[in-house]
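The values are calculated or read from the model by the stated rules, or taken from the named source; none is laboratory data. The model shown is predicted, which means the values in this text are computed figures rather than measured ones. Cβ sites come from the backbone with ideal geometry, for glycine too, and all protein chains shown count toward neighbours. These area figures cover heavy atoms from the full protein model, side chains too; ligands, DNA and RNA do not enter into them. Shrake-Rupley method; radii C 1.70, N 1.55, O 1.52, S 1.80 Å.
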Amino acid sequence: QVQLVESGGGLVQPEGSLRLSCTASGSIFSRYRMGWYRQAPGKQRELVAKMFPGGTTDYADSVKGRFTISRDNAKNTVYLQMNSLKPEDTGVYYCNAAHTLLVGTEYWGQGTQVTVSS
């Protein structure tokens, strides 16, 4: 089992920045694709950013140029740096780990609320 613990959410003004953290219970990044998802009220959860074991990243079009996913292998932690935040970025952000080989082996963090408002 893998546990994912998220932190860093909060209330921020438009154009502000936040950094979300997701700490895993073990050294998993060589075997799991890491992702950040978000879900606004009444909407489906959407993929925001992802990072594969080799370091390849991808982003939703809506956040390209503003968000950066990164990781610190020594700390078993993945980050989402969010800059130039917009009200439409508001939602619950979830950390996800999907095993690259074992189909169906997937873990989720508890979520952290991000609210962008004046």
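State whether the residues of the range 88-110 include one that is surrounded by 12 or more Cβ atoms within 10 Å (Cβ to Cβ), closer than 18 Å to residue 3 by Cβ, among the polar types (S, T, N, Q) and touching a strand residue (DSSP E or B) at 6+ places or on another chain (Cβ under 6 Å).
yes
Would you please list the contacts, defined by Cβ atoms under 8 Å and residues six or more apart or on different chains, that run from a residue in the range 1-12 that is farther than 12 Å from residue 111 by Cβ to a residue that is assigned to a loop (DSSP other than H, G, I, E, B)?
Pairs that qualify, where the first residue is farther than 12 Å from residue 111 by Cβ and the partner is assigned to a loop (DSSP other than H, G, I, E, B), are 1/25; 2/25; 2/26; 2/28; 3/25; 11/117; 12/85.
Can you go through 18, 11 and tell me which one is in contact with a strand residue (DSSP E or B) (Cβ under 7 Å, 6 or more places away or on another chain), buried (at least 18 other Cβ atoms within 10 Å of the Cβ), over 22 Å from residue 102 (Cβ atoms) and of a type outside the set (Lys, Arg)?
Result of the check over 18, 11: 18.
For the range 70-118, list the strands (runs of 3 or more DSSP E) that sit wholly inside it and hold at least 2 residues that are in contact (Cβ under 8 Å) with a residue 40 or more places away in the chain and within 10 Å of the chain's Cα centre (by Cα); which are they?
77-82, 91-99
Can you tell me which residue in the range 38-57 is farthest from residue 110 (Cα to Cα), limited to those that are open to solvent by less than 70 Å² (accessible area, probe 1.4 Å) and assigned to a strand (DSSP E or B)?
Applying the first criterion (open to solvent by less than 70 Å² (accessible area, probe 1.4 Å)) to the range 38-57 yields 38-40, 47-51, 53, 55, 57.
Filter once more, so that each one left must be assigned to a strand (DSSP E or B): 38-39, 47-51, 57.
Working: 38: 12, 39: 12, 47: 16, 48: 16, 49: 17, 50: 18, 51: 19, 57: 23 Å.
Per the criteria, the residue is 57.
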